[in-house]
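The structure appears right after this line, and notes come after that.
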Amino acid sequence: MTAMRVDAKVVMLGKESVGKTSLVERYVHHRFLVGPYQNTIGAAFVAKSINVADKVITLGIWDTAGSERYEAMSRIYYRGARAAIVCYDLTDSSSFQRARFWVKELQTFEEHCKIYLCGTKNDLVEGDRGARQVDYHDVQDFVEEIGAQHFETSSKTGNNVDALFMKVAEDFSNSALELLPEEKGVNLGQKKNSYFYTCCHH
Amino acid sequence: MAADVHSKGVTWDTPNGNLAPVEHLPSSRSESPTPGLVEGTEPGGGEWVEEEVEEKEVEEKEVVEKTEEQQRGRAEGEGSVNEPKREVQAVVREKEEDVTSDAWRLHKKHVFVFSEAGKPIYTRYGSEEALSTTMGVMMALVSFVEADKNVILSIHADGFRVVFLRKSPLVLVCVSRSDQSDSELWRELHYVYYQILSLLTLPQLQRVFQQRQSFDLRRLLAGSERVTAGLLRLLETDAGLMLNATMSLPLCSTTRNNVCTSLQIASSKNLVFSILLAGNRLVALIRKKEQHLHHTDLHLLSNLAASSSSFRQGEGWTPVCLPKFNSSGFFHAHISYLEQDSDLCLILVSTDREDFFNLSDCKQRFLERLKKRNAYQALQEALHSPTYPVSQVGIPELWHFVYKSKSSGLYTSPELPVPYHTEEQQDRLMELYQHLHSRLHHPTRPLRSIYRSTNTENLLAWSTSGFELYLCFSPLATKALAMSAVTKLLKWIRKEEDRLFILNSLTY
């Protein structure tokens with residue numbers, strides 16, 4: 001077996017303890033680990049294949065550590081990423097400020113990277129509306145402004161998690177399709193040749 | 001800045017020591033706990049502060065006496081109530097602890113780290129904010145003594161030892177109620193210091209404080225509390241950190257060879273070290289030619305891998321500084337478990353931060369080769385019994401032992417038998433070993449061997465140029481018996497050598 005073939009690089013970004021690792025854990029291993037909070041060290045990579053319209057797409061997911069210590073390193077994780085899932089904790093408004101920072105960072109350095117804003121720990125605000133500190137509509141406005149997608153998920157219940165990654169894979173698949181006409185452009189060149197050929201022949 | 005590589009000039013090996021490649025795992029004992037800043041010779045100071053400067057020898061004598069007194073006091077008072085139960089995993093709870101409570105005061109060993117501006121960076125128990133005045137007072141003590149061109153090393157009072165380690169721009173302090181000597185505590189503080197360096201590198205640490213003296217380093221260390229807590233616990237439980245050695249996983253030689261060669265072949269251009277661990281036991285280590293991994297760096301790596309479950313979830317990729325190798329730059333480590341629920345952790349250390357997929361490929365190749373040669377199965381089976389009962393040696397009165405081979409920097413130890421089945425008893429045994437260790441390696445009066453009798457066990461420690469040995473016997477054993485047991489044990493170890501140790505050091 002050789003190294004895994006990865007179609008799309010996906011990077012998880014966001015303040016520490018917002019639940020990036022839990023989100024990946026839920027999506028990849030379909031489970032939610034209870035127990036003491038464990039920081040991610042550096043970054044963790046995991047590949048996951050997903051079926052999109054008869055096609056198999058392998059997402060290479062980089063789950064980065066939220067700690068400021070790794071900020072200088074973060075570029076190596078998001079460079080060349082096709083999608084970034086920027087997470088914030090619905091019960092922590094400061095985590096949304098941090099999400100804005102990451103969006104800015106991506107817009108500056110990685111303009112081809114699609115951004116998905118993801119509010120985590122939805123289960124906490126569902127049971128207790130007072131716990132919500134990040135307003136849905138505020139985020140929606142922000143998302144429209146920057147041309148991103150918006151999800152609210154719960155890794156504990158699994159709510160909306162698959163939908164989020166499905167959307168990421170679909171968008172990738174569609175954008176890959178968009179590339180095809182360009183190839184036709186090369187074909188046009190061939191036509192041109194044949195045109196010249198016919199021309200000369202004429 | 002305190003001179004880091006300040007050699008003490010006292011060698012622990014006997015003068016006619018062999019020329020075994022001890023250098024490639026230089027003993028960090030040679031690293032002096034004496035900061036290089038000592039300029040003045042005035043020991044003076046207030047009556048309530050014992051400063052150990054220059055007058056070390058005199059001081060040390062007192063220390064030893066004190067320790068023995070405490071030891072006796074302890075043996076009598078054992079089993080009394082004031083032994084706080086330590087809970088390893090409850091790092092979070094430890095952080096929330098009330099620092100004014102008695103329980104907080106009763107912790108056996110506190111560790112504090114703060115900046116030269118007195119700003120708190122780390123505390124083992126309780127929150128840094130709540131302890132900012134305490135750390136401020138500590139910094140004041142340090143500065144007060146330094147104003148006289150002197151250095152505060154430790155304070156002994158009321159059964160407590162307060163040990164200071166100055167590593168500009170940081171100050172590390174340990175407050176201990178244990179019987180450990182100052183130099184043991186300094187060694188532990190050094191570990192905490194290296195742990196911080198491994199996350200930041202020395203230049204980065206210096207830079208942030210040069211830019212702003214009042215910088216809050218916790219911002220950069222966020223998320224490393226578990227790593228440090230794990231390290232402090234390891235210092236109390238793993239004899240390897242005391243011995244400057246690593247425990248090897250007992251493995252039959254054919255399996256070991258298979259594992260080693262498979263790992264050796266799975267190389268990549270920028271790979272410097274390939275390390276296979278089972279828990280904190282070393283299974284195999286392959287290194288680049290002429291590059292050596294210091295045991296301190298190995299302990300830091302193995303502790304890092306054990307500190308986060310995120311390495312189980314996927315393949316980890318993290319910058320890491322190996323401070324003993326080079327404190328000024330980052331390596332990049334690929335950390336992963338061979339299988340999700342396996343205890344076998346593979347750490348691949350590279351110089352290139354873009355090397356992730358190359359190393360991921362190395363891991364795959366290693367795993368395939370292991371499986372093809374059926375070595376993976378054999379390795380898994382060895383993990384079911386990662387240790388051996390002491391009864392294999394065939395000395396009835398021998399309860400436990402720790403044997404370090406100085407040439408390989410590895411040690412072996414049987415499983416802990418019945419009297420040491422509780423955490424409390426295990427900690428007690430470790431403390432006994434630590435006590436013997438500090439006597440053998442006394443800074444001014446090192447010993448070659450020591451025999452010690454307590455109500456609960458008889459202990460013998462012996463150090464030669466080739467090995468260091470600690471034995472624990474039942475209280476009924478005698479000195480004569482202990483001596484004959486050593487001969488028998490050494491014979492047994494020789495016979496089992498290729499199973500217990502990793503005999504050849506392989507390079508790519």
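The values are calculated or read from the model by the stated rules, or taken from the named source; none is laboratory data. What you see is a predicted model; the values in this text were computed from it and never measured. Ideal geometry is used to build each Cβ from the backbone, glycine not excepted, and the neighbour counts take in all protein chains shown. SASA here: full protein model, heavy atoms, side chains in, ligands and nucleic acids out. Shrake-Rupley method; radii C 1.70, N 1.55, O 1.52, S 1.80 Å.
Here are the numbers for the structure shown:
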quantity	calculated
Filtered residue count, the range A:51-76, keeping only those that are in contact (Cβ under 8 Å) with a residue 24 or more places away in the chain and either open to solvent by 20 Å² or more (accessible area, probe 1.4 Å) or within 20 Å of residue B:308 (Cβ to Cβ) (or both)	13
Residue B:263 under 28 Å from the mean Cα position of the chain (by Cα) and closer than 25 Å to residue B:402 by Cα	no
Scope the range A:20-38; condition touching a helix residue (DSSP H, G or I) at 6+ places or on another chain (Cβ under 9 Å) and over 22 Å from residue B:339 (Cβ atoms); matching residues	A:23, A:36, A:37
Test: residue in the range B:328-341 that is in a strand (DSSP E or B), acidic (Asp, Glu) and within 14 Å of chain A (Cβ to nearest Cβ)	no
Where a residue in the range B:345-359 is within 11 Å of chain A (Cβ to nearest Cβ) and its partner, wherever it lies, is surrounded by fewer than 21 Cβ atoms within 10 Å (Cβ to Cβ) and of a type in the set (Phe, Trp, Tyr), with Cβ under 7 Å and at least six apart	none
Residues within the range A:38-84 that are of a type outside the set (S, T, N, Q) and facing another protein chain (nearest Cβ under 7 Å), tallied	12
Where residue B:229 falls short, out of the listed (1) out of contact with any helix residue (DSSP H, G or I) (no Cβ under 6 Å at 6 or more places or on another chain); (2) among the small types (Gly, Ala, Ser); (3) more than 10 Å from chain A (Cβ to nearest Cβ); (4) buried (at least 18 other Cβ atoms within 10 Å of the Cβ)	(1)
Output for the range B:262-317, where each listed residue is farther than 17 Å from residue B:361 by Cβ, within 14 Å of another protein chain (Cβ to nearest Cβ) and of a type in the set (A, V, I, L, M, F, W, C)	B:300, B:301, B:304, B:305, B:306, B:311
Residue match in the range B:176-192 (condition: within 14 Å of chain A (Cβ to nearest Cβ) and touching a residue at least 12 places away in the same chain (Cβ under 8 Å))	no
Residue satisfying all of: in the range A:99-122; among the aromatic types (Phe, Trp, Tyr) and touching a helix residue (DSSP H, G or I) at 6+ places or on another chain (Cβ under 7 Å); farthest from residue A:25 (Cα to Cα) among these	A:109
Test result for residue B:463, touching an Asp or Glu at 6+ places or on another chain (Cβ under 9 Å), modelled with pLDDT of 90 or more and either over 26 Å from residue B:109 (Cβ atoms) or of a type in the set (S, T, N, Q) (or both)	yes
Residue within the range B:306-319 that is assigned to a strand (DSSP E or B), out of contact with any Lys or Arg (no Cβ under 9 Å at 6 or more places or on another chain) and either buried (at least 22 other Cβ atoms within 10 Å of the Cβ) or without any contact (Cβ under 8 Å) to a residue 12 or more places away in the chain (or both) present	yes
From B:416, B:506, residue being at pLDDT 90 or above and not assigned by the TED database to the domain that holds residue B:259	B:416
The range B:427-469, residues that are among the charged types (D, E, K, R) and either within 26 Å of residue B:232 (Cα to Cα) or not assigned by the TED database to the domain that holds residue B:480 (or both)	B:427, B:428, B:431, B:439, B:468
Test: residue in the range A:6-28 that is among the acidic types (Asp, Glu), open to solvent by 40 Å² or more (accessible area, probe 1.4 Å) and within 12 Å of chain B (Cβ to nearest Cβ)	yes
Residue that is least open to solvent (accessible area, probe 1.4 Å), among those in the range B:360-419 that are charged (D, E, K, R), more than 25 Å from residue B:299 (Cα to Cα) and not in a helix (DSSP H, G or I)	B:397
Exclusive hit being crowded, with 18+ Cβ neighbours inside 10 Å and in contact (Cβ under 8 Å) with a residue 24 or more places away in the chain, set B:243, B:220	B:243
Looking only at the range B:455-481, and only at residues there that are over 25 Å from the mean Cα position of the chain (by Cα) and touching a residue at least 60 places away in the same chain (Cβ under 8 Å), the one that is farthest from residue B:432 (Cα to Cα)	B:481
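Residues are listed down the side, and each one gets a yes or a no for (1) open to solvent by less than 10 Å² (accessible area, probe 1.4 Å); (2) closer than 24 Å to residue B:197 by Cβ; (3) touching a residue at least 60 places away in the same chain (Cβ under 8 Å); (4) touching a Cys at 6+ places or on another chain (Cβ under 6 Å):
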{"residue": "B:112", "(1), (2), (3), (4)": "yes, yes, yes, no"}
{"residue": "B:116", "(1), (2), (3), (4)": "no, yes, yes, no"}
{"residue": "B:135", "(1), (2), (3), (4)": "yes, yes, no, no"}
{"residue": "B:143", "(1), (2), (3), (4)": "no, yes, no, no"}
{"residue": "B:157", "(1), (2), (3), (4)": "no, no, yes, no"}
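Table: residues versus (1) touching a residue at least 12 places away in the same chain (Cβ under 8 Å); (2) part of a helix (DSSP H, G or I); (3) in contact with a strand residue (DSSP E or B) (Cβ under 6 Å, 6 or more places away or on another chain).
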| position | (1), (2), (3) |
| --- | --- |
| A:94 | yes, yes, no |
| A:97 | no, yes, no |
| A:100 | yes, yes, no |
| A:106 | yes, yes, yes |
| A:112 | yes, no, no |
| A:118 | yes, no, yes |
| A:124 | yes, yes, no |
| A:144 | no, yes, no |
